[in-house]
Amino acid sequence: MKLTARGLLTDLGEPGAVLGRPGGEPYPPQPTIARTRTVLERYAEAGRSYEEIVCTGVGHSPHIERAADFAAVPRRTVETSENGSASDTAGR
């Protein structure tokens with residue numbers, strides 16, 4: 001059985017593992033990553049910046065599965081900002 005970003009119950013509904021779940025047809029896969037990247041690209045086009053961090057081998061909870069790595073990102077951002085070298089400033 002293949003579990004995807006559509007959600008556990010939807011995927012389990014496909015082979016009939018969860019009775020009454022309709023499966024993927026009424027709940028098709030959503031292009032979440034593509035949508036998010038489109039928004040971030042527009043953000044960058046407006047002169048702002050962002051950093052995309054991909055956690056391979058992680059499901060929907062990188063803050064739990066890779067807690068230290070996840071916590072390092074905002075910590076690094078705050079430290080950079082406090083040192084006055086951040087390219088993005090608050091309120092801009």
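The numbers here are math on the coordinates, done by the rules we state, and not lab data. Note that the structure is a prediction, hence the values are computed from the model and not measured. Glycine also receives a Cβ, built like all others from the backbone with ideal geometry; neighbour counts cover every protein chain displayed.
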**Message:** I want to make sure I understand the PRE zone here: with the label point 7 angstrom from the Cα of A68 toward its beta carbon, which residues in region 31-62 have backbone N atoms less than 19 Å away?
**Reply:** 54-59, 61-62
**Complete:** Contour minus Cα-Cα span, T32 to R48, at 0.36 nm per residue, comes to 3.6 nm
